[in-house]
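Written below as structure tokens is the structure these notes are about.
The values are calculated or read from the model by the stated rules, or taken from the named source; none is laboratory data. Every value quoted in this text rests on a predicted model; they were computed, and no experiment measured them. We place every Cβ from the backbone using ideal geometry, glycine too, and count neighbours over all the protein chains shown. Side chains are part of the model used for accessible areas, which takes the heavy atoms of the whole protein and leaves out ligands, DNA and RNA. Shrake-Rupley method; radii C 1.70, N 1.55, O 1.52, S 1.80 Å.
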Amino acid sequence: MVNLISLIAPVSYIAVLLGSLIAFSSLYRKRKNAKAASLEPWFPPHTARDVYLSLLHQDEESSVPDTLLKAALMLRAKEDIRRLMVLRTSKGSLQGLLQKGCVGDDLWTRFSRAESEMEEELRDVVMEANAYKEGWGQLIFQTANEMVNHDRIKERAEKVATEAEAERKWWNEKRERSSRELMGEEEEFTSDDNANDSDGVGEKVRKRRVVKQ
């Protein structure tokens, strides 16, 4: 009986301690999740996804053709590829800044939540694509990546063309300004020559008058 009573006290202490730790851990996770949910999302609203879902859940009377749904799903996959590129390029530098203490934990929490949401988004797109055609889920992101690269090349070409046009305009203005300055110098030089010639003629006339007198 004495041994049983001596065992009840430490067991009760351990049970109370474990219960306190479990309650504290649960409360901490709830507060952490609530804080994470209140943080600003890493990306702006996913408009392409919202458009696809709104088309998908139309009433039967106003059902959308599969061709339009597939096109909307492709646009959704394109936006996912763009966001995935941003996450991949930002992760390394963000980890370095976090280790140096240059950024707070809130920023890393936002980034981690964006990664988790992106994983769920990619799985959902694959499932949707396979629902239209078996095996399309393995190809949709490859096609979307090619489309994104094409858009980037097109944007770069347009930027180069715009910069070339601006540079051409700058050179034309510089050439015209140089031409005007050169013409101004020639006119000034001509005026000086005319003035010198006039002075020389006047001097000759004065000399002739002196000789005649």
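Provide the per residue accessible area, probe 1.4 Å, for segment 116-156, rounded to a whole number of square angstrom.
71
Report the semi-axes of the equivalent ellipsoid for segment 36-154 in whole Å, largest first, where each axis is √(5λ) for an eigenvalue λ of the Cα gyration tensor.
Ellipsoid semi-axes (Å, largest first): 31, 17, 12.
Taking the Cα-to-Cβ direction at E40 and at W170 and moving 7 Å from each Cα, how far apart do the two end points lie in nm?
3.4
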